[in-house]
There are 2 protein chains.
Amino acid sequence: MNETKISDGTKFKIKGARFAAVSANIKYVNRLDLMVIYLETGSIITGVFTSSKTKAPSVLWSKKVTKKAFKDDKNPLAILVNSGNANAFTGKNGKKAIKKIVTKISTFLNISKKRVLMASTGVIGEFLPYKKIIEKIPELIKNLSENQIVNCANAIMTTDTYPKIRYKKFKLENKFVSVAGIAKGSGMIAPNMATMLAFIITDVKISYDILKKLTASLCDKTFNSITVDSDTSTSDMVLISATSKVEMKPIEKSSDNRILKFAKMLELIMKELALDIVKDGEGAKKLVEYQIVGATNDKSAKNIAFSIANSPLVKTAVAGEDPNWGRIIMAIGKSGEKIDQEKIKIFFGQYLITKNGKVYSEYDEEKTKNYMKKTELLVKVDLGIGKGSSTIWGCDLTKEYIDINADYRS
Amino acid sequence: MNETKISDGTKFKIKGARFAAVSANIKYVNRLDLMVIYLETGSIITGVFTSSKTKAPSVLWSKKVTKKAFKDDKNPLAILVNSGNANAFTGKNGKKAIKKIVTKISTFLNISKKRVLMASTGVIGEFLPYKKIIEKIPELIKNLSENQIVNCANAIMTTDTYPKIRYKKFKLENKFVSVAGIAKGSGMIAPNMATMLAFIITDVKISYDILKKLTASLCDKTFNSITVDSDTSTSDMVLISATSKVEMKPIEKSSDNRILKFAKMLELIMKELALDIVKDGEGAKKLVEYQIVGATNDKSAKNIAFSIANSPLVKTAVAGEDPNWGRIIMAIGKSGEKIDQEKIKIFFGQYLITKNGKVYSEYDEEKTKNYMKKTELLVKVDLGIGKGSSTIWGCDLTKEYIDINADYRS
């Protein structure tokens, strides 16, 4: 699913944020592969990180930084990201590389090391050529500009077929606030390149605690509700930062009624970026929204949703434009979650498929087949036994996925 | 992976067991699709069934029978199996179909209904044309012969490319005992056809309790240690029966030292059938044995093994003959199990790949690439933190899997 969203970076300004990207020749020559986001004094940052037990050192480092950021918001913040090498499972070399890079930025910018975050995406297990990165830091910093976010979106791509960038400007009471986000990801972990990364920046004035709470709950509904191939990267990372540069009364209390609108806009950006990733899923031709309702609770609904969305047989049926609802039944069954066969209603789009524990008496295969030809599909399952619900997004499994991933690394 | 193992059925005799198969035109015309195994008075039967929450009615029925069989071994036993239709998610019609079929066999053979088992494999959600089956029962029973097990193996095939049949004859002390087994399965659930089924018969004289215990523990090490596509059928079933027709002192005590040899032979048959299924996995070109050792416990080892074996990225790397060990690290990480990155040793065959949390200093990519060209591979992971271990078998993910499963049902 190709989408082109490259745009002029001048449209995506965030007060207090500057961007730069260069080519450091990490894996390929003359391709943007190193970027920095610089956030002025007073900025805060929170994050959500991979649940993998083989976390890359950049994940461990950045996680530590986001935990402490609220205690030290006097320094600027820098987020450095490279593509072409994940610096994952690289032993002591990996940690040393991060230390060297962070020290260089910290010295060069004269900021605390604890205000420098790092993310890496690319092949697992190869040593990061950190000297190439260190050499480029002066040039990178010199290039910093409020207009360069599009270059940053390009620099973090691996098997992505297009850069992913989203922006919204809206009013909170009488003040204009902006949110910009970039992301990369094309498999939960791509061929040799890895990882889903997203960086979101806003100029809103908000407390660390509230932003942290929003980050966790909104990630759950967006970036943690998508699947391309069920694989989890060693390096996934979503960072959300606020520069506080809008002149406004700070959002500090959870009763502040501006939170609702801000959260809504933030969720929209996160959801759009998340869907950009699924649409750009390796080999994906179709985007499927799975809506599960009527489950015993939300967690059960989400487990069932992922059991369906990750089933290779469901995904190949979607690729084949086959309304093969028996596979949905199979996937609900294998989830292990509580269900009552007699009460399951499956819908493809508006079409009811099952009722009373069997195929619906007025099920129309021809109409449903036609529906399956769309590139964006809705599969809804009403379990009819409770109030739990979950919506997630997945894609189909095509031969192109095999092509992309069975090629020998080169 | 094609293997031909069709053989003359006269070689596979089990005392007290007779077999027959006919064509009932359930889905296709003139293809064996209905079979029966008849076991004389005194036979016992145990089973292991799918963990799916959307179990087919035949699974629920047969499960009930195996629970009670030991209390009533005066009647003969009959196992009726059809392919071409799974009779799953068919509501009341499904239960009615089973009732009608079981009643017919029970009346015709003059045995208790509680001694008739049934299994079905094929498309989910379509009503079973049970009248076609009932009509054929007299012919089926008339055909019963001790030589017809090969026809039974053929009659249960769906997308299988060859029948799966294994046989062993061995001495327990001074008595010859035979074990025969047939199986089907080509995806955990195949395109529209479904299911893994296995039926094993022996003439050993053994108590129900001991056979039941063996069935559960050996299934765990064989049929429950394979994966083709991580999907679980609504209809999986393994039945193991003993006719007791060998004139021998019965095996009734768990201290009986004949159990060890019998269990070993039974496990061998079960493992061979299980591997036959993986080798015949939809689109599979390679069989991979995953040996996990040094885990905190066996359960953790098995979870890690399945996390690796089911990873689409690992499976496509195997298809591409790429020793992409970074994906093994990723899959270990996403399992959520306890590990220590520094202690993980990965071996492809005899080649050590990782040590001390990074790639092994003497890792030889060329040699490992050559190793990956084999059709049967060993991937061994030593986690180095405990005594837990598990061995499972999986296959690669190829474009043919997509071909087989993305085709519209017809």
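Every read-out reported here was derived from the displayed coordinates using simple, explicitly stated rules and does not represent laboratory data. Because the structure is a prediction, the values reported are computed rather than measured. All Cβ positions, glycine included, derive from the backbone under ideal geometry; neighbour counts span all protein chains shown.
Quick check: is even one residue across the range B:291-305 among the polar types (S, T, N, Q), crowded, with 24+ Cβ neighbours inside 10 Å and over 19 Å from B:ILE404 (Cα atoms)? No; the residues of the range B:291-305 include none that is among the polar types (S, T, N, Q), crowded, with 24+ Cβ neighbours inside 10 Å and over 19 Å from B:ILE404 (Cα atoms). Taking A:VAL65, is it in contact (Cβ under 8 Å) with a residue 12 or more places away in the chain, more than 14 Å from chain B (Cβ to nearest Cβ) and closer than 27 Å to A:ASP160 by Cα? Criteria not met by A:VAL65.
For every residue, the table says whether it meets (1) free of Cβ contacts under 8 Å to residues at least 60 places away in the same chain; (2) at the interface with chain B (Cβ under 9 Å from one of its Cβ atoms); (3) among the small types (Gly, Ala, Ser); (4) over 30 Å from A:LYS175 (Cα atoms).
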{"site": "A:ASN257", "(1), (2), (3), (4)": "yes, no, no, no"}
{"site": "A:ILE277", "(1), (2), (3), (4)": "no, no, no, yes"}
{"site": "A:LYS285", "(1), (2), (3), (4)": "no, no, no, yes"}
{"site": "A:ASN303", "(1), (2), (3), (4)": "yes, no, no, yes"}
{"site": "A:ASN310", "(1), (2), (3), (4)": "no, yes, no, yes"}
{"site": "A:ILE329", "(1), (2), (3), (4)": "yes, yes, no, yes"}
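Just to verify a result, which residue in the range A:270-290, among those that are assigned to a loop (DSSP other than H, G, I, E, B) and buried (at least 24 other Cβ atoms within 10 Å of the Cβ), is farthest from the chain's Cα centre (by Cα)? Going through the qualifying residues, I end up with A:ALA284.
Evaluating A:ASN370 against the criteria (1) touching a residue at least 24 places away in the same chain (Cβ under 8 Å); (2) within 14 Å of chain B (Cβ to nearest Cβ); (3) not in a loop (DSSP other than H, G, I, E, B) leaves one unmet condition, (1). Just one of the numbered conditions (1) more than 10 Å from chain B (Cβ to nearest Cβ); (2) surrounded by fewer than 18 Cβ atoms within 10 Å (Cβ to Cβ); (3) among the polar types (S, T, N, Q) is not true of A:ASN356: (1). Screening B:GLY386 on (1) more than 26 Å from the chain's Cα centre (by Cα); (2) within 14 Å of another protein chain (Cβ to nearest Cβ); (3) surrounded by fewer than 19 Cβ atoms within 10 Å (Cβ to Cβ); (4) in contact (Cβ under 8 Å) with a residue 60 or more places away in the chain shows it passes everything except condition (2). Within the range A:80-122, the residues that satisfy the criterion of being part of a loop (DSSP other than H, G, I, E, B) and not hydrophobic (A, V, I, L, M, F, W, C) are A:GLY84, A:ASN85, A:ASN87, A:THR90, A:ASN110, A:SER112, A:GLY122.
Assess whether B:ASN82 counts as being over 19 Å from A:GLY357 (Cβ atoms), more than 14 Å from every other protein chain (Cβ to nearest Cβ) and surrounded by fewer than 21 Cβ atoms within 10 Å (Cβ to Cβ). Answer is no for this residue. Can you tell me which residue is surrounded by the fewest Cβ atoms within 10 Å (Cβ to Cβ) among those in the range A:332-352 that are in a helix (DSSP H, G or I) and more than 7 Å from chain B (Cβ to nearest Cβ)? For the range A:332-352, the residue satisfying everything is A:GLU342.
Taking (1) surrounded by fewer than 20 Cβ atoms within 10 Å (Cβ to Cβ); (2) at positive phi in turn, A:THR159 satisfies each apart from (2). Scanning the range A:390-410 for residues that are more than 24 Å from B:LYS315 (Cβ to Cβ) and surrounded by fewer than 19 Cβ atoms within 10 Å (Cβ to Cβ) turns up just one, A:THR391.
Pick from the range A:323-345 the residues that are among the charged types (D, E, K, R) and over 29 Å from the mean Cα position of the chain (by Cα): which of them is farthest from B:ALA88 (Cα to Cα)? Give the steps one after another, and end with the answer.
Looking only at the range A:323-345, we keep the residues that are among the charged types (D, E, K, R), and these are A:327, A:334, A:337-338, A:340, A:342-343, A:345.
The next check asks that each one be over 29 Å from the mean Cα position of the chain (by Cα); those that pass are A:338, A:340, A:342-343, A:345.
On the way: A:LYS338: 18, A:ASP340: 14, A:GLU342: 12, A:LYS343: 15, A:LYS345: 16 Å.
Only one residue fits best here, namely A:LYS338.
Of the residues making up the range B:203-249, those that are more than 24 Å from B:SER186 (Cα to Cα) and of a type outside the set (A, V, I, L, M) are B:ASP203, B:LYS205, B:SER207, B:TYR208, B:ASP209, B:LYS212, B:LYS213, B:THR243, B:SER244, B:LYS245, B:GLU247, B:LYS249.
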